[in-house]
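One structure below.
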Amino acid sequence: MEKFDNRPVEITIVQSNGAHAFIQNLHVKGIKIRNLKHHEKNIHFEIARKDLKVLRASRKKYRVRMKIRYMQVSRIFQKNSWTAIGLLLLILFPMIGSQLMWDINVEAETPELRVAVENVIQEKLALEQPILKGKVQSDFVIRQTIMEELRDLSWVHILKKGSSMTIIPQMAPITDNKNNISKEKNHLIAAKSGVVTHFDISSGERRVLPNTTVYKGDTLVSGVITVGDKSVVVGAEGGVYADYWLETEFAIPKQVQYISANSREWVFDFKLNEEKEQGKSFQKVDLPVWLSSFVEITAVQKYSTVTQEITEEQIESFILPLLHEKILKSLPPKTIIKKENVLHVSFDDDKVKGKVLFLVNENIAENYPIDQGD
């Protein structure tokens, strides 16, 4: 940095036979001399601090007595335009950076599920990183979009911390459908009323169109198709998805306890020690056989129990997600909740009560045996 140090330095030399030759030599070597003043006993002038090395070398040659006074002290921030610009950028960069979402991660049970969620994020949500936080959709929109595209999910956890977001898809439990499989040929009829959104059938003939309102008992897919003048019984198989409104009531204590996930930590477990870290192990490091018999390295998710008193402001952030997940667990797999409306909430002495209306999209088709006369 000394090579570019242009801070001024005041030089005072004593008048002597070699003083003028000394100054002339500085001119020859290209050193800029400013404010040159001749006095009866001394000569004063200013040079840049970067030229001191040359000055000292010439001084020895001409044997002049010299005094150096640094006009600016050495400090980190100098009073110049570059310092002002640097400080301005130092303030602006963090402010601008804090308005961006820099890191969007997906943590899934399998690599295939992670890739599928990442594709939805890029193609349907357009969450290219970095992205302005103002352009990031709400948690509800992100969750619903992913669950509409991947109907095997029961829930999508979204964790935001600073400028990073972690999306954790949760698979729906595997259900045993063997009891629902019949060797007989069936129609598919509506088990409840709703507005048809789409079909997922492998056989049969549609009897209704999307965006059509159907009622309980209506035939959705016929298991009998007409080929020319003949009717062929093929059986209807698959699902018919429809939207319908579901009203639910809730009553929970004002003070609730729940388990909250904290940080994830790497734990070195020496097998000679019988004490174990409390937490859920979700990743293990493969060690050589000779070492794995003595030590185990795992990543552990830490949990803590939190007691919280519910307030009116926490209806959407706390109660609705709990009801959302509870309703989904009570409905068939591949069901999603598109929307929720809070109808009524009241706070008693020790309980919170209310009604919520959910817009549910569910497979409403059920088997109905084909009459031999069909």
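Centre-to-centre, using Cα atoms only, the stretch 317-341 and the stretch 43-59 are separated by 79 Å.
Tell me which aspartates and glutamates have Cα within less than 16 Å of Lys53's Cα, excluding those fewer than 8 residues away on the same chain? By straight Cα distance, Lys53 reaches Glu2, Asp5, Glu10. Spread over its residues, the convex hull of the C-alpha atoms of the stretch 86-139 is 92 Å³ per residue. Where q = 0.12 Å⁻¹, what log10 of I(q)/I(0) comes from the Debye formula for the stretch 297-374, counting one point per Cα? The computed values of log10 I(q)/I(0) come out as -0.57. Which of the pairs Lys32/Lys60; Lys161/Lys353; Lys216/Lys353 have their Cα atoms more than 26 Å apart in this structure? With Cα atoms farther than 26 Å apart: Lys161/Lys353; Lys216/Lys353.
Residue ranking by accessible heavy-atom surface, 1.4 Å probe, largest first, among Ile43, Ile96 comes out as Ile96, Ile43. Filter Lys135/Lys334; Lys185/Lys338; Lys160/Lys338; Lys133/Lys351 down to the pairs with a C-alpha to C-alpha distance above 25 Å, please. Correct reply: Lys135/Lys334; Lys185/Lys338; Lys133/Lys351. Translational diffusion of the stretch 15-114 was estimated from the Stokes-Einstein equation, with Rh taken as the Kirkwood radius over Cα pairs; at 20 °C and 1.002 mPa s the coefficient is 114 µm²/s. Taking the average, over residues, of other Cβ atoms within 10 Å as the packing measure, peptides 140-151, 223-234, 19-30 rank 140-151, 19-30, 223-234 from highest down.
The values are calculated or read from the model by the stated rules, or taken from the named source; none is laboratory data. Every value quoted in this text rests on a predicted model; they were computed, and no experiment measured them. All Cβ positions, glycine included, derive from the backbone under ideal geometry; neighbour counts span all protein chains shown. Quick note on the areas: whole protein, heavy atoms, side chains included, nothing else; ligands and nucleic acids left out. Shrake-Rupley method; radii C 1.70, N 1.55, O 1.52, S 1.80 Å.
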